[in-house]
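What follows is a single structure, written as structure tokens, with notes after it.
The values are calculated or read from the model by the stated rules, or taken from the named source; none is laboratory data. Small disclaimer: the values here were computed from a predicted structure and weren't measured. As a convention, Cβ positions derive from the backbone with ideal geometry for all residues, glycine included, and neighbour counts pool all protein chains shown. What goes into the accessible areas is simple: the full protein's heavy atoms, side chains included, and nothing from ligands, DNA or RNA. Shrake-Rupley method; radii C 1.70, N 1.55, O 1.52, S 1.80 Å.
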Amino acid sequence: KYVYLADLAYAEEHNGQTYTGIPWRFYHFGPWAEEVYLRIDPALTVIGAEKKIIQNPRDEKDVTRWIKSDDDLFDRLGNQLDLIVMGSIKKDVRRFGSDTPALLDFVYRTIPMVTAVPDEYLDFNRLGRGAVCEDWDQPGIVSKELTARQKKKRKEALSDLKIRIN
């Protein structure tokens, strides 16, 4: 989610062009890029992060947590990144820390997410300053920005969800 937010911050300043150039998709409940997911374990292994696997008593899936505290490494790697990207990462890690629900809520309210439908690629070209819908609870905040095609896809996805729930 932090890579997505860094791409979002970069795209706000670069006419919709993301830093990574990766095509993000609305997958399940949030932004997803397999290219990023596949790089997480190798990147954390290279920097010597400690991998902890925690058994989840309520689910068959185990939870993986990585631990690494090295301010010098953080600074060295940060110096290799674009200033906007590094600033975004620092700001968001400080803001959310270990508060995953708040991070997810924020990510799900970003403009590319609220203007997409499941399985659609996210559009970073409609950004500008403040790429988060702060008044998410306001009626119509999503529908006023959707195209006719997006409305149709969203309606179909909702219909499909209702069928699966029934």
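Per-structure values
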item: Cross-chain or 6+ apart pairs with Cβ under 6 Å, the stretch 53-80 first and assigned to a helix (DSSP H, G or I), then among the aliphatic types (A, V, I, L, M); result: GLY78/MET86
item: Residue list for the stretch 4-31, restricted to those being under 11 Å from the mean Cα position of the chain (by Cα), closer than 18 Å to ASP92 by Cα and either free of Cβ contacts under 8 Å to residues at least 40 places away in the same chain or surrounded by 18 or more Cβ atoms within 10 Å (Cβ to Cβ) (or both); result: TYR4, LEU5, ALA6, ASP7, LEU8, PRO31
item: All positions within the stretch 121-166 that are in a helix (DSSP H, G or I), surrounded by 13 or more Cβ atoms within 10 Å (Cβ to Cβ) and modelled with pLDDT of 70 or more; result: GLN150, LYS151, LYS153, ARG154, ALA157
item: Matching residues, the stretch 81-98, being open to solvent by 50 Å² or more (accessible area, probe 1.4 Å) and in a helix (DSSP H, G or I); result: LEU83, ILE84, LYS90, LYS91, VAL93, ARG94, ARG95
item: Qualifying residue in the stretch 99-111 (condition: within 20 Å of LEU5 (Cβ to Cβ), modelled with pLDDT of 75 or more and in a loop (DSSP other than H, G, I, E, B)); result: yes
